[in-house]
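**Student:** Provided herewith is a single structure, encoded as structure tokens, for subsequent inquiry.
Bear in mind that the values in this text are calculations on the coordinates, not laboratory data. Predicted model, so just to flag it, every value in this text is computed and none were measured. Note that we place each Cβ from the backbone using ideal geometry, even for glycine, and neighbour counts take in every protein chain shown.
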Amino acid sequence: MRVVRVEHLSKIYGHRFNRVAALNDLSFGIDAGEFVGIMGPSGAGKSTLLNLLATIDTPTSGSVWVAGAELATMSESAMAAYRREQLGFIFQEFNLLPDLTVADNITLPQTFVPPRPKDLDARLAHIADTLGLTRLLGRYPDQLSAGQRQRVTAARAVLGKPSLILADEPTGSLDSMAATELLQYLTKLNLEEDVTILMVTHDAFTASFCNRIIFIRDGAYFAEVTRRGSRQQFFNSIIDMEATINGGGRHRAAVDRT
Amino acid sequence: MGEGGTVRQLIGRDLRRHATTTWLFALMAGAIIAVLYAVLAMTEDQRLMARLDAGALTPDMVPAFLVFTVVVILLFTIVFLLYMNAVLVARRDREIGVYRLLGLSARRVGVSLVVQALIQGAVALGVGLTLGVLLSKFFVMGLVRLMGLGITTGLLWSPRAALELVALFALVYLVLGVINALYVTASPLKRPLWRAGQNPTLEPLTGWRVVWALLGAALLMAAHIGAYNLIGWTYRLNDARSLFLLWGGIIMAGLAGTAMMFRHTLPVVVAALSQTRLKRRATALLALVDLRRRLRNNSQSLFLTTMLATLTMTVLGSGAMLYQFSQATVQQSIAMDAVVSTHGRTAFMKKLQPGWVQRHVTLDTKLAAGQLASAADPDGDRTIYNVIAQSAYRRVQRDQPDLPNVALSGDQALLVVYGRALMQNTWLKHRSGWRVRLSRTNTALTVTQFTSRYPLGADAYFDRALVVTDAVYDALAAPQDVLHGYALRHEAAVGHFLAALDSADPADYVSFDQAALKGKKALRQSKTAKEAAQLSRSAVNLRRPMVKVMNATFGLGLFIAVLTGFVFLVATASILLMKQLLVQTQTESASATLRQLGMPEASLRRVLWLETLTVFLLPLAFGTVNTSLVVRLIGIMLDDPGVGMVALVIAVFAGVYLAFAGLTVRLSLLASDSRR
């Protein structure tokens, strides 16, 4: 089942004589249960794409379909409902509320609009168990390590059983140990909870945990790499593709052959 | 670019960046300056003052009180401006730190701060003086109305008042700018850069905090109970030291209790609340958490605004109560246009035209010394009573319907006593079975009823009065004391007659020594003070001059109360408003996160409303409790003049105050929209 369908998406900033196309006729799709990475150099349009998917910004032309609904036709309140029900967010800066306990932070979005789900406590216990947060539920974000905080964000994102999780550089604020741990947890969520994840990153190691990487350059689809075989092999092909996208022609040919 | 250019740019950018708070601060100061100007311009208008003074008790009373008010408001304003300024500059620590880190010299930052303060002062003065000229007419109208005079006037333009205010506030704002410059340039660079932005986690609910919370609640409750019973307890203590301890203790407990209420009790209550079912709704949970942070960060400003709200409402409430008291007092003191004794009647009748009299009432009384005693207090006290027959009392009652009904039989009596409410709240309350024994005739009477309403008005009596059955009255052998009441026509000639009569003040005297009180010698009434111990009263009591004096005095009082109340209100509301806007900027990133997580806009707005209203309502609620205690005390002392007007004034205050809460929410929403 197609969860995300992006069709001829363009976003142009500025006007008349000073126009910058952040996205330029981008099209791709994501199926349910995929763990997809979006990669590309700085200024490629990764953040713009994420903002459009999150309805924080509106496209100039083209359309985005998520879980069968077109985002452009939504009203303000429908967008809020969409973000609340269909999306889960994992931010680089965590964006946890410092005055709420871990448990309250995780369940907060589910209590925005009554009624409160009846099985919320059970779901919280389950997800906390999956992400190793059970003993931290009563603490405040300031009392946690960066890796633990990012796991709280992940738990908050998953709890509402969204159609899609948007992860924006989730390992950006973490050291390599914490990053690996988080990515293992994300993989676990993807496999065990059957969550669809779209992750934006510029780090090849982080990206190697995905099933498929979509590369964009100058706002347009450039190439994609799908994982076959070991993570090491996948990592190598990502590195090759990064070199290609930055202008290394030799590697490009190599990847095209596979 | 020259040095002047960079500083100018810096000033422009700073003023734009903080436009909302800068404008608000200038407008609030402008409102206060407008009040100051209007009052000063009134005192500068010699002709107006002379006419206002015509109705006053003492010459120059009106200008003296108005100038005193200006001084009080000025002192308060300066303290308020200093406080607000400190609040506003402290939040700019970080941005100024960044300027200096990037290489802007401390001197230039200092100069820009001084110039910014002067610009603000100029705006405040411009707004204030314009508004002040417009307000002046309404101020005069209000004062004239309250003082019961018939004067009209136009807008008041007084260059001298304007110049005085310009000079004074230019100086005040210069000082504010210099303080800011010193504060910023003298602080080490490291501090502002690292301190801001840190938002430590809320403290957990520990046993000690609960103990402190309970202590705060207990202290405040003790202070309130003490204030409620203050008069009764004061009467029971008789030495100065324990009185000092009682009053001082209640005030200290109230202050400390309120401070602890905001510092400990309310945070604990809110923390406990956020553990309940309320946490299941995001709106409630977020509002509670925001409130907890507010209480932690701003407990002192909440304490301050509570005190200010108390002060404002007390000033307004007691002003209104005194005004109401003055209206009631006239009725209670002199019930008809003129009330005279036999001695006073000769002077009164000399120039009175028979055609002026609409009605004439005569009240026969007998003067007797008596002892009031009860089973609990067999000695009681001794004083002079005017004894009145029940039938005579009922005759007067026809003209004076506010007198209570009586139905006496046998030895029953109605005791008329001044300050009944005071007594009922003190020693009189705790005793029953009161008896009066008239010493010379040994007449024993049982007091079955009390009132503070004297037939024809209290001013015509030496001390207390007793209403007895006709049989008891007829049997009583005692000197006569006849009182006369007159209702007069409303004519200019009558006014002149009364004014001339008012300047001569004949008096009556009656013996008050131990022998007379114990009934060993007859009471002797005289026109001059002859004996060592005598009671006196005014022989001619005129209602209209008294009304005039009362209106002038208490009308002026109420006017001053409203003015100072307005200034305090502006200060209270602006402290809360500014604090709320500052908090709003700090929590903007949290609201952005919530919005992104899909919180509906309406819910975000509801959280803001909940939180703002609570923060505004807390000082109002505590202030209202404090004020009602103080006003109750004043009411008891003033013999219960009623609380209708007090309630009205406080309701108006609360309405304006809550309008400020609405304004705060609107400004917060505007600010957050413009940042998005």
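**Student:** Along the positive direction of the dipole of segment A:123-258 (beta-carbon charges: Lys, Arg +1; Asp, Glu -1; about the Cα centre), which of A:213, A:167, A:133 reaches farthest?
**Tutor:** Of the candidates, A:133 comes out farthest on the positive side.
**Student:** Same structure again: Looking at the protein assembly as shown only, what percent of DSSP beta bridges run antiparallel? Nearest 5 please.
**Tutor:** Close to 70 percent.
**Student:** Next question, about the same structure. Once Rh for segment A:58-182 is found with the Kirkwood sum over Cα pairs, what is the Stokes-Einstein diffusion coefficient at 4 °C and 1.567 mPa s, in µm²/s?
**Tutor:** Result for D is 84 µm²/s.
**Student:** With all distinct Cα pairs included, what does the Kirkwood hydrodynamic radius of segment A:40-81 come out to in Å, to one decimal, could you say?
**Tutor:** 11.1 Å
**Student:** Which value, in debye to the nearest 20, gives the size of the charge dipole of segment A:80-223 about its Cα centre, when Lys and Arg are +1 and Asp and Glu are -1 at the Cβ?
**Tutor:** My answer is approximately 320 debye.
**Student:** Moving on to the next point. Over the residues of segment B:540-628, compute the C-alpha Rg and express it relative to 2.2 N^0.38 Å.
**Tutor:** For segment B:540-628, the normalised Cα radius of gyration comes out at 1.89.
**Student:** Would you list, by chain and number, the aspartates and glutamates whose Cα falls below 13 Å from the Cα of residue B:530, excluding same-chain residues fewer than 8 positions away?
**Tutor:** Excluding near neighbours in sequence, the set is B:508, B:513.
**Student:** Considering only the other residues whose Cβ falls under 10 Å of the Cβ of residue A:66, what net charge follows from Lys and Arg at +1 and Asp and Glu at -1?
**Tutor:** Result for the local shell: +1.
**Student:** Quick one: work out the % antiparallel among DSSP beta bridges in segment B:338-538, nearest 5.
**Tutor:** In segment B:338-538, DSSP labels about 80 percent of beta bridges as antiparallel.
**Student:** Further, regarding this structure: Provide a whole-number value for the mean count of partner chain Cβ atoms within 10 Å of the Cβ atoms in peptide B:583-591.
**Tutor:** Mean partner-chain Cβ count within 10 Å for B:583-591: 1.
**Student:** In chain B, which longest range has no GluC sites (Glu not before Pro) that are both DSSP loop (not H, G, I, E or B) and surrounded by at most 13 other Cβ atoms within 10 Å?
**Tutor:** In chain B, the maximal stretch lacking such sites is B:1-490.
**Student:** Name the helices (complete DSSP H segments) of chain B with a Cα length along the long axis of 30 Å or more and a Kyte-Doolittle mean of at least -0.5, or state none.
**Tutor:** The answer, listed by residue number, is B:19-44, B:61-90, B:106-146, B:159-186, B:207-228, B:282-333, B:543-586, B:601-637, B:644-675.
**Student:** Using a simple charge model, +1 on the beta-carbon of Lys and Arg, -1 on the beta-carbon of Asp and Glu, nothing else, what dipole does the protein assembly as shown show about its Cα centre, in debye to the nearest 20?
**Tutor:** Approximately 740 debye in magnitude.
**Student:** Specify which residue in the list A:28, A:53, A:117 is farthest towards the positive end of the charge dipole of chain A, using unit charges on the beta carbon of Lys, Arg (+1) and Asp, Glu (-1), about the Cα centre.
**Tutor:** Checked the options; the winner is A:28.
**Student:** For segment B:1-198, evaluate the Debye formula with one uniform point scatterer on each Cα (no solvent term) and list log10 I(q)/I(0) at q = 0.11, 0.12 Å⁻¹, rounded to two decimals.
**Tutor:** -0.60, -0.67
**Student:** A further question follows. At a Förster distance of 60 Å, what's the computed FRET efficiency of residue B:244 paired with residue B:407, Cβ-Cβ distance as r, to 0.05?
**Tutor:** Efficiency for this residue pair is about 0.80.
**Student:** Same structure again: Any aspartates and glutamates with Cα under 15 Å of the residue B:518 Cα? List them, leaving off those in the same chain fewer than 8 positions away.
**Tutor:** List returned: B:379, B:381.
**Student:** Can you tell me the FRET efficiency between residue B:228 and residue B:300 if r is taken as the Cβ-Cβ distance and R0 is 25 Å, rounded to the nearest 0.05?
**Tutor:** Approximately 0.40, to the nearest 0.05.
**Student:** For the cross-link pairs B:366/B:520; A:46/A:118; B:350/B:521, which exceed 29 Å when the distance is taken from alpha carbon to alpha carbon?
**Tutor:** The answer is A:46/A:118; B:350/B:521.
**Student:** For residue B:155 and residue B:49 in one chain, what is 0.36 nm times their gap in residues minus the Cα-Cα distance, to one decimal in nm?
**Tutor:** Stretched out fully, the residue B:155 to residue B:49 stretch lengthens by 36.7 nm.
**Student:** Something else: Over the Cα atoms of the protein assembly as shown, what Rg and Dmax result, in angstrom?
**Tutor:** Reported Rg and Dmax, both Å: 40.2, 137.
**Student:** Which stretch or stretches of segment B:440-470 have amide N atoms under 12 Å from the point lying 7 Å from residue B:328's Cα along the Cα→Cβ direction?
**Tutor:** Within reach of a label on residue B:328, which here means backbone N under 12 Å from a point 7 Å along Cα→Cβ, segment B:440-470 contributes B:452-453.
**Student:** Ok, one more. Excluding same-chain residues fewer than 8 positions from residue A:188, which aspartates and glutamates have a Cα within less than 19 Å of its Cα?
**Tutor:** Excluding near neighbours in sequence, the set is A:31, A:34, A:129, A:168, A:169.
**Student:** Could you list B:343, B:264 in order of exposure, starting from the residue whose Cβ has the fewest other Cβ atoms within 10 Å?
**Tutor:** Fewest-to-most Cβ neighbours within 10 Å comes out as B:343, B:264.
**Student:** Starting at the first residue of segment B:523-534, write each ³J(HN,Hα) from the Karplus equation 6.51 cos²θ - 1.76 cosθ + 1.60 with θ = phi - 60°, in whole Hz, x for Gly and Pro.
**Tutor:** Rounded to whole hertz, the list is 6, 10, 9, 9, 8, 10, 6, 10, 9, 5, 10, 9.
**Student:** Quick one: Cα centre-to-centre distance for segment B:434-476 and segment B:539-599, in angstrom?
**Tutor:** 49 Å
**Student:** Listing B:568, A:235 from the residue with the fewest other Cβ atoms within 10 Å to the one with the most, what is the order?
**Tutor:** With the sparsest Cβ surroundings first, the list reads A:235, B:568.
**Student:** Another question, if that's okay. Which of B:68, A:91 has the fewest other C-beta atoms within 10 Å, and how do the rest follow up to the most?
**Tutor:** B:68, A:91
**Student:** I've got another one for you. Quick one: which residues, 5 or more positions from residue A:88 or on another chain, have an amide H under 5 Å from its amide H? H modelled 1.01 Å from N in the peptide plane, none for Pro or chain starts.
**Tutor:** A:164, A:165, A:166
**Student:** So, one more: Considering only chain A, what is the antiparallel percent among its DSSP beta bridges, to the nearest 5?
**Tutor:** Of all bridge pairs located within chain A, approximately 60 percent are antiparallel.
**Student:** Let me ask another. Arrange the peptides B:510-519, B:98-107 so that the one whose residues have, on average, the most other Cβ atoms within 10 Å appears first.
**Tutor:** B:510-519, B:98-107
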